[in-house]
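The values are calculated or read from the model by the stated rules, or taken from the named source; none is laboratory data. Predicted, not measured: the structure shown is a model, and the values here were computed from it. Cβ coordinates were reconstructed from backbone atoms using ideal geometry, including for glycine residues, and neighbour counts include every protein chain displayed. Note: accessible area is taken over every heavy atom of the protein model, side chains too, but ligands, DNA and RNA are not part of it. Shrake-Rupley method; radii C 1.70, N 1.55, O 1.52, S 1.80 Å.
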Amino acid sequence: TILTYEIVLYIPGTDSSLPNPIVLDTVVVEDTLDVGLAFIDCISVTASSTFLTTSLTGGFSDACAPDTVNPPNGNPAVTPSTGADEELGHIISFDLGDVTNNNSSEETITLVYRAVVLNTTTNVDGVSLDNTAELTWDGGEILDDAQDVLIQEPDLGIIKEANLSEAIPGQRVTYTIT
């Protein structure tokens, strides 16, 4: 199963009590997925308007450029990159650089990415998986949880019946499988 996560960051606008423009230095969003979930890819990182800027050379899209060869070196950085399969790729760190809001109104940054529910012995029917995202910048942090994902597996059964309980050699027996 593939899950799509969306994180929306609200960057305050300027007013008479705040500096103009609003600058948040060293902005990082780190999402810690439960063991049993793993990052697949980054779909997009977008700003709500051109009033919102970043120090990243290529703009906010540079925060959506994972390194598929060496995941800890990409943006987002994906760790751990070694270990047991169910532990791989469950910590995702998006470096958004220094973020500036030049508007008097609140602006948003939206991160969209996907994770997969791994087929492991720990992911069984009834297990709930969680993820927690943390926004940090020089001087602050905000922590939030996503809604849990409940693992559901089908209950399969097979019934095999024969039309005869006894047969002699050469006699045809019909089996019904439901």
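Tabulated results
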quantity	calculated
Failed criterion for residue 24 (all others in (1) at positive phi; (2) touching a strand residue (DSSP E or B) at 6+ places or on another chain (Cβ under 7 Å) hold)	(1)
Hits in the stretch 125-156 - residues which are closer than 30 Å to residue 36 by Cβ, assigned to a loop (DSSP other than H, G, I, E, B) and open to solvent by 60 Å² or more (accessible area, probe 1.4 Å)	125, 147, 148, 152, 153, 154, 155, 156
Every residue from the stretch 55-109 that is part of a loop (DSSP other than H, G, I, E, B), at pLDDT 85 or above and open to solvent by 50 Å² or more (accessible area, probe 1.4 Å)	55, 57, 102, 104, 105, 106
